[in-house]
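Only one structure is covered here, and it is reproduced in the block below.
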Amino acid sequence: MPAHVAESDSTPDPTGTTGTTDPLAHERAHLAASRAALRGMREDVQALDIRDVTANWVNAAVLQSQIDDRIKALADLSHTPLFFGRLDYLHAVGGEPAEGADGERFYIGRRHVHDAAGDPMVIDWRAPVSQPYYQASRTCPQDVGLRRRFGYTGGELTAYEDEHLTDPAEAEHTSRLLQAEIERPRVGPMRDIVATIQPEQDEIVRSGLGGTVCVQGGPGTGKTAVGLHRVAYLLYAHRERLARTGTLVIGPNRSFLHYIEQVLPALGELEVKQATVDDLVRTGVEVRGEDEAATAVVKGDARMAEVLRRAVRSHVTAPVEPVVVVRGSRRWRVPAYEIQEMVDELLARDMRYGAAHEALPQRIAHAVLVRMEEAGEAPDDRVQNAVARNPAVKAAVKAVWPAVDPAKVVLRLLSDAEFLAAHAEGLLSEEEQKRLLWAKPARSVKSAKWSAADAVLIDEAGDLVARTHSLGHVVLDEAQDLSPMQYRAVGRRCSTGSATVLGDLAQGTTPWSTESWGEALFHLGKADAVVEELTAGFRVPREVIAYASRLLPAISPGLAAVESVRESPGSLAVREVPGGVADLDAAVVAACEESLRHEGSIGLIAADARIPGLGAALEAAGHAYLAPGEETTAASRLTLVPASLAKGLEYDYVVLDEPAAVVDGEPDERTGLRRLYVALTRAVSGLTVLHAAPLPEVLVQA
């Protein structure tokens, strides 16, 4: 049935509880009452007096911080609908279905709201009772008689649409409100999709905390939104555990993280941290250098983990002298061969280098205590600790198992050809070793021009020395672009937890991007992860995704093309511009002006080298523009996007400048075509492609 609107609806209120003959008025009244209840919940928290329940100022500060967070979580965002759907169950939820039993009604929203008596006004979308809103169907109604969707305009409830799931006389139809919400023009950062989650997405969102899930999804399938909503769901279902262990969202760059940063707060989740892989590993060193692609590929290879392990362990040397501990008038001697046995045992256990460094003096001290006991003394733990701190023991440990600085280990590997060759033997070829060595070796850790790949190596070496702290759950987006060593760095952050891995193999735009999820998950340490594939596209129009999919046989053979559910005739325009650079610039500016006549955001995507010239052309024409990640507003809707930063971003209308330049801007053709695939699939409503140079052959031939 079509959506109902306030102006034309006169159907009686089916509940008979409001006395009105206008269901929309009834729903608006419930919305107003729910907002009032939410205000009441917030005021109750604000009124809490903690002066008599805290023992000291530290407890008071902690409790006040928790109260402040609760107040923020209960904020009523006027532009965000408090509820977006309603479920009318045929029977009481949780009870056995019985003939004539009364059903229950639940309003589904972004957060739980209850009235002064504690009765629910709005049910959190993550609650079990809300799941049929996403999963119920005519073939499996899940005891739902009616599912109602609501439409909003500027925070005002303006329409509703019903599905009677158990009525055989009602024809199945596509929800107009659902489609309108999916296609709604976007201004500002990414928004949540709680009102439009599809059944296949919901299954991934609600999968358990114990296992890792990998989501392969083409452009417009909603994989990023699925990952973020999965975090929100896990925090709801396992809040106490994740409050202790922590959660983290990892994105490809800061622009992307800025774009998605409002999604979780809109769902009431304020404590989830966000970072890039570079943020995780840049601890203690400053990244100022940049590697050539071939060098970065070698540094990112998983074989480097074994090179580093050998290099770290090479600091362990055989003892050559006994340890003699003097206590009072007695001398206690531990021979070198016995110390060697201790070292061999620690090496065989494959302990972290630093943990073994701490354990060795205790082992030596224990050997001394055994001799004391054999001599008739009765030493206790305090004596053992004192012996472990004895200068002779400390000197022996320093000689045999010295402390190691991870950055210095990597510095030596990249500076000392003999040291590298000794530990890369049988792992790296001579040519690969030459690529690793710096032309001008740095004198110190501080003076070295470390690259991003070097920081990952230092992070690996650091984990060999001391275990990296593990979080409860990590979301890794755009995962296809990581090197094996970067996967290992992320895997260390969830070694005792789980992960949600999101990506698209066809959008791998680094020379080291992964070829298969099996390989990626192995390096992540999650080889047993479940791989799910999203193939239904909800954002990118069918014409646009079909055009971009011409590249798939060349960039990712065997990968299924996305099947868009959106038909938008005229959404694609490909125009050749005769003339030189000035003519192309003018045509691009004109295309941006044409796009700006539409509602929503506009992205001008171009090869990185073309950005300065296009920026100057826009300014000369009087058009201000934003950088990627800057928030669009009603007054400023045009963003100039280097192709290297386009991944993960979406715009209502995209103008793509010179595809050949996008391809040529990458170190190889496959990577260039993948970068072009990304750029072609950023549009939600319309794509205009402008070119002066010939289009890539794979586009033309297809």
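The values are calculated or read from the model by the stated rules, or taken from the named source; none is laboratory data. Fair warning: this is a prediction, and the values are worked out from it, not measured in the lab. Note that we place each Cβ from the backbone using ideal geometry, even for glycine, and neighbour counts take in every protein chain shown. Each accessible area value is taken on the protein alone, full model and side chains, heavy atoms only, with ligands, DNA and RNA left out. Shrake-Rupley method; radii C 1.70, N 1.55, O 1.52, S 1.80 Å.
Picking from residues in region 657-672 that are part of a helix (DSSP H, G or I) and open to solvent by less than 10 Å² (accessible area, probe 1.4 Å), the one that is farthest from Thr510 (Cα to Cα) is Pro659.
No other residue among Pro578, Pro628 is at negative phi and open to solvent by 50 Å² or more (accessible area, probe 1.4 Å) apart from Pro578.
Taking the conditions (1) in a helix (DSSP H, G or I); (2) surrounded by 14 or more Cβ atoms within 10 Å (Cβ to Cβ) in turn, Pro379 satisfies each one other than (1).
Considering region 109-125, and only residues there that are open to solvent by less than 40 Å² (accessible area, probe 1.4 Å) and in a loop (DSSP other than H, G, I, E, B), the residue that is modelled with the highest pLDDT turns out to be Trp125.
Number of residues in region 518-550 that are crowded, with 21+ Cβ neighbours inside 10 Å and not β-branched (Val, Ile, Thr) equals 13. Of the listed requirements (1) over 14 Å from the mean Cα position of the chain (by Cα); (2) at pLDDT 95 or above, Val501 misses just one: (1). In region 128-247, counting only helices (runs of 4 or more DSSP H) that sit wholly within it, the ones holding 2 or more residues that are open to solvent by less than 30 Å² (accessible area, probe 1.4 Å) and of a type in the set (Phe, Trp, Tyr) span 132-135.
The single residue among Gly300, Gly289 that is open to solvent by less than 50 Å² (accessible area, probe 1.4 Å), closer than 23 Å to Asp405 by Cα, at pLDDT 95 or above and in contact with a Ser or Thr (Cβ under 7 Å, 6 or more places away or on another chain) turns out to be Gly300. Look at Ala499 and say whether it is under 20 Å from Leu234 (Cα atoms), crowded, with 21+ Cβ neighbours inside 10 Å and small (Gly, Ala, Ser). Yes; evaluated as a whole, the condition is true for this residue. Among the residues of region 560-572, is any of a type in the set (Lys, Arg) and either free of Cβ contacts under 8 Å to residues at least 24 places away in the same chain or open to solvent by 60 Å² or more (accessible area, probe 1.4 Å) (or both)? Within region 560-572, not a single residue is of a type in the set (Lys, Arg) and either free of Cβ contacts under 8 Å to residues at least 24 places away in the same chain or open to solvent by 60 Å² or more (accessible area, probe 1.4 Å) (or both). Given the structure, is Glu27 under 17 Å from Asp115 (Cβ atoms), open to solvent by less than 40 Å² (accessible area, probe 1.4 Å) and modelled with pLDDT of 50 or more? So Glu27 fits the description; yes.
Residues are listed down the side, and each one gets a yes or a no for (1) crowded, with 19+ Cβ neighbours inside 10 Å; (2) within 29 Å of Ser513 (Cβ to Cβ):
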| site | (1), (2) |
| --- | --- |
| Asp583 | no, no |
| Pro612 | no, yes |
| Ala616 | no, no |
| Ala621 | no, no |
| Ala634 | no, no |
| Arg637 | yes, no |
| Val655 | yes, yes |
| Leu676 | yes, yes |
| Ala693 | no, yes |
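Pairing each residue of region 307-325 that is in contact (Cβ under 8 Å) with a residue 24 or more places away in the chain and over 16 Å from Arg412 (Cα atoms) with any residue that is of a type in the set (Ser, Thr, Tyr) and open to solvent by less than 10 Å² (accessible area, probe 1.4 Å), provided the two are 6+ apart or on different chains, yields no C-beta distance under 8 Å.
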